[in-house]
Amino acid sequence: AGSTYYYPSFVAARDGARFEQDLQHDLVRATAFESVMRVRATRGIRFSNFYGNYFIRGTDLLALPNCTSDSSFSLDMSYDEAVLSAQAITV
């Protein structure tokens, strides 16, 4: 996984400083390699889909090839009304 930046009609005088900032940010930010993320929630909540750059190892376990502060992951949650009786949920 990585980052993609777009500089329309790149001109060094105009876009050079922004390119340098983007490159420096990518090179010095903290990066975690070969990590795992477990997603859990209150009983009655289940996750139907996951979105992002990872491999699904189990129903709630994701293997992340690399992870930075700029990484994002999304998921779809659904609930079973018969089982869910709590006023609040925890994810």
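A few points about this structure:
- Contact order normalised by residue count of the chain, Cα under 8 Å, 6+ apart, percent: 32 percent
- Once the Kirkwood radius over Cα pairs is known for region 17-80, the Stokes-Einstein relation at 20 °C and 1.002 mPa s delivers a diffusion coefficient of 156 µm²/s.
Just so you know, all these numbers are worked out from the coordinates, no wet-lab data involved. Just so we're clear, the structure is a prediction, and the values are computed from it rather than from any experiment.
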